[in-house]
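Novice: One structure coming up, written as structure tokens, with questions to follow.
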Amino acid sequence: MESNPNPVVKVNELKPGIENISIRGRVISAGPPKTIQTKNGLRTISEAVVGDETGRVKVTLWGKHAGTLKEGDVVEIRNAWTSAYRGEVQVNISSKSELVVVDDKTIPNTEDIPEEFVKAPEDYRPRRQGFGGRGPRRGGFRRGGEE
């Protein structure tokens, strides 16, 4: 197996807004591919849940990876990125990501994986994509003439 330049992190260490992340876990559930409308046109995605001894995380597989995970497999997901959706961290797998089925006896069976999903910090705000203004956003006026 080729070496992974990004160290593998545990599910409970995931935070939204991280790029080039790698995780290893058991596929707890895997949905079929479906086509959705995005601002960039029609895209094929599928959704899954992957977990390790620290918790569970929702995974969205985009494009060629949609529908490729199988329940019960232990996988290493490389070069993925994280986001937050409905208050939970989510791992996104794109065409630049790599999925490898691995033989790792340290990953617990599904029934031994904690039920908890990784929560996004309450104050997390994603970077705005496609903001039409020039330069950084500025705050509003402050009371009392403070700068």
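The values are calculated or read from the model by the stated rules, or taken from the named source; none is laboratory data. What you see is a predicted model; the values in this text were computed from it and never measured. We place every Cβ from the backbone using ideal geometry, glycine too, and count neighbours over all the protein chains shown.
Novice: Is the stretch 13-22 home to any residue that is in contact with a Gly (Cβ under 7 Å, 6 or more places away or on another chain), modelled with pLDDT of 95 or more and surrounded by 14 or more Cβ atoms within 10 Å (Cβ to Cβ)? Write out each step before concluding.
Specialist: Kept after step one, since they are in contact with a Gly (Cβ under 7 Å, 6 or more places away or on another chain), are these residues of the stretch 13-22: none.
No, every residue in the stretch 13-22 fails to be in contact with a Gly (Cβ under 7 Å, 6 or more places away or on another chain), modelled with pLDDT of 95 or more and surrounded by 14 or more Cβ atoms within 10 Å (Cβ to Cβ).
Novice: Taking Thr44 as meeting all but one of (1) in contact with a Pro (Cβ under 6 Å, 6 or more places away or on another chain); (2) within 27 Å of Glu122 (Cα to Cα), write down the number of the exception.
Specialist: Among (1) in contact with a Pro (Cβ under 6 Å, 6 or more places away or on another chain); (2) within 27 Å of Glu122 (Cα to Cα), the lone unmet condition for Thr44 is (2).
Novice: Still on this structure: Output the number of residues of the stretch 42-79 satisfying the condition of being assigned to a helix (DSSP H, G or I) and of a type in the set (D, E, K, R). Quick ask: steps written out before the conclusion?
Specialist: Let us first name the residues in the stretch 42-79 that are assigned to a helix (DSSP H, G or I), namely 63-65.
Subsequent filtering for residues that are of a type in the set (D, E, K, R) retains 64.
Residues in the stretch 42-79 being assigned to a helix (DSSP H, G or I) and of a type in the set (D, E, K, R): 1 in total.
Novice: Would you tally the residues in the stretch 90-129 being more than 26 Å from Lys64 (Cα to Cα) and of a type in the set (Gly, Ala, Ser)?
Specialist: 1
Novice: What are the residues in the stretch 103-127 that are of a type in the set (Lys, Arg) and more than 11 Å from Gly55 (Cα to Cα), if any? Break it down stepwise before answering.
Specialist: Restricting attention to the stretch 103-127, the residues satisfying the condition of being of a type in the set (Lys, Arg) are 105, 119, 125, 127.
Lys105, Arg125, Arg127 - these are the residues of the stretch 103-127 that are of a type in the set (Lys, Arg) and more than 11 Å from Gly55 (Cα to Cα).
Novice: Restricting the search to the stretch 72-115, which residues are surrounded by 14 or more Cβ atoms within 10 Å (Cβ to Cβ) and over 19 Å from Asn6 (Cβ atoms)?
Specialist: Asp73, Ala84, Glu88, Pro108, Thr110, Ile113, Pro114
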